Structures are given as structure tokens and as C-alpha cells.
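Worksheet: the structure to be examined is printed underneath.
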Amino acid sequence: MGDTLNVAVLVGSLRRGSFSRKVAHAAIALASNSLSMEIVEIVDIGDLPFYNEDLEDASEKPSSWLTFRDRIRRVDGVLFVTPEYNRSVPGALKNALDVGSRPRVESIWSGKPCAVISVSLGALGAFGANHHLRQSFVFLDMPAMQQPEAYIGNAPSLFDGHGALTNEKTREFIQKIVTAFEQ
Ligand code: FNR
């Protein structure tokens, strides 16, 4: 047995009752013992002031930026679970990427392996958000898992009223994603 791999799970929705968050919890529950997955709380992302280079001066730097950067720096990989907003990445998640990416020589993302699960209410599975995220990974130098791709559509039909995943095929699919990412 190798060492435990620590994975930060970043959820692109700040909404209570978010389906993306439910998918994230399902992924965490399906992880093997050698994978330690933890949601970097969405409120942390929500509390990150918009990235502004002027604030990089030590006297002005928001403490939440430092906390966030420290947290991601310590993990071995990142799993993004996100909805799509207007065919792209929700602003809160994009801002988290921006905050983590600077100062450029200290980017927390560089070389960090990642994977994306995108989630939608309708059938399309938030393809646009998934692929806009992937565009950022190129510049951020994050090796991203290519296959299997994970687009989860029709999210409301997959969970019961308590947020538990009830769709067996989706459970098997998420299991496959998590196992592939671990490998
Ligand atoms: C959406 N939604 C949405 N859905 C989609 O499939 N493609 C899209 O482009 C958009 N655009 C969009 C913009 C904005 C501003 C909002 C608030 C919503 C619907 C979205 O998928 C839905 O609200 C999900 O429930 C959001 O994910 P969570 O919060 O359930 O994880």
C-alpha cells in the first residue's frame, strides 16, 4: 500500500442544496481508503475577494487568499465538481482559480493533477463549463484526466429527498471516475 493521496474537492456552486455538491459527496463516499478527499468548503471560495493584483501588497492581501492557497498547496490533486453558468465556469470557481494562480511563480495549481465532473439539471451535463475549465488547466499547467469524461445530466432525478444518490448507474459511473483519477 502506498501513502494516502490527499485530494481537494472544489465545488463550483455556492448554493445550499447544490446538486454539484451532492455529486461531490457521492464521489467522496466512493473513494478508496488510499484516497483522502475533502471538500474545500464552498464558503471559502465564496469569501474570496475578487482577484485584484493591487491587493498582493502584503499590507492589503486578504487573509482568505492566503488560507485558500495554503490549503490547495498541501494536496496531491484537485477534483472539480461544477455546474455550468451561461455555458461557462461559475464566477466563484473562476475567481478561485485566479486567486490560486498568482503570484505567478507561486501558483498553487502548477503540476497539480486534476479531474472535472460537470453537473446539470438538463441533459447536456454542463459540457461548456467542463471544457472552459479545461482551457484554464492548459495555462495553469495542471495535468487533467482526459478519460473517462464526466458529464452528469438530469441531476434532480439521481438523488432522493435527503441528497442521497439513488441512481445505480450513476453510482457506478462516479466510482469509475474516482478510481481512474486515483490511478
Ligand atoms: C444556470 N444554469 C445553467 N444550466 C446549464 O446547463 N447551462 C447553463 O449555461 C446554465 N446557466 C446558468 C446561469 C446561471 C447564472 C444560473 C444561476 C444557472 C442552471 C444550473 O445548471 C442550475 O441552477 C444548477 O442547479 C446549478 O448547479 P447546482 O447549484 O445545483 O450545483
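The values are calculated or read from the model by the stated rules, or taken from the named source; none is laboratory data. Keep in mind the model is a prediction, meaning the values are calculated, not measured. Because the Cβ atoms are built from the backbone with ideal geometry, glycine has one as well, and the counts that use them run over all protein chains shown. We work out accessible area using only protein heavy atoms, side chains counted, and drop any ligands, DNA or RNA first. Shrake-Rupley method; radii C 1.70, N 1.55, O 1.52, S 1.80 Å.
Consider segment 1-24 and keep the residues that are assigned to a loop (DSSP other than H, G, I, E, B) and within 16 Å of the ligand (Cβ to nearest atom). The one that is surrounded by the most Cβ atoms within 10 Å (Cβ to Cβ) is Gly12.
Considering Ser32, Ser59, which residue is more than 16 Å from the ligand (Cβ to nearest atom), small (Gly, Ala, Ser) and either touching a Lys or Arg at 6+ places or on another chain (Cβ under 7 Å) or in contact (Cβ under 8 Å) with a residue 12 or more places away in the chain (or both)?
Of the residues listed, the single one that is more than 16 Å from the ligand (Cβ to nearest atom), small (Gly, Ala, Ser) and either touching a Lys or Arg at 6+ places or on another chain (Cβ under 7 Å) or in contact (Cβ under 8 Å) with a residue 12 or more places away in the chain (or both) is Ser32.
Is at least one residue of segment 72-80 in a helix (DSSP H, G or I) and surrounded by fewer than 20 Cβ atoms within 10 Å (Cβ to Cβ)? Yes. Among the residues making up segment 35-56, those that are at pLDDT 90 or above and within 16 Å of the ligand (Cβ to nearest atom) are Ile39, Val40.
Gly161 passes every criterion in (1) at pLDDT 95 or above; (2) more than 21 Å from Ala92 (Cβ to Cβ); (3) of a type outside the set (Phe, Trp, Tyr) apart from (1).
Hey, can you tell me all the residues within segment 4-34 that are among the aliphatic types (A, V, I, L, M) and either farther than 22 Å from Tyr151 by Cβ or within 14 Å of the chain's Cα centre (by Cα) (or both)? The answer is Leu5, Val7, Ala8, Val9, Leu10, Val11, Leu14, Val23, Ala24, Ala26, Ala27, Ile28.
Residues in segment 101-135 that are out of contact with any Pro (no Cβ under 9 Å at 6 or more places or on another chain), under 23 Å from Tyr51 (Cβ atoms) and within 9 Å of the ligand (Cβ to nearest atom): Gly128 alone. Exactly one residue out of Glu56, Glu60 is open to solvent by 50 Å² or more (accessible area, probe 1.4 Å) and either more than 18 Å from the chain's Cα centre (by Cα) or not small (Gly, Ala, Ser) (or both), and it is Glu60.
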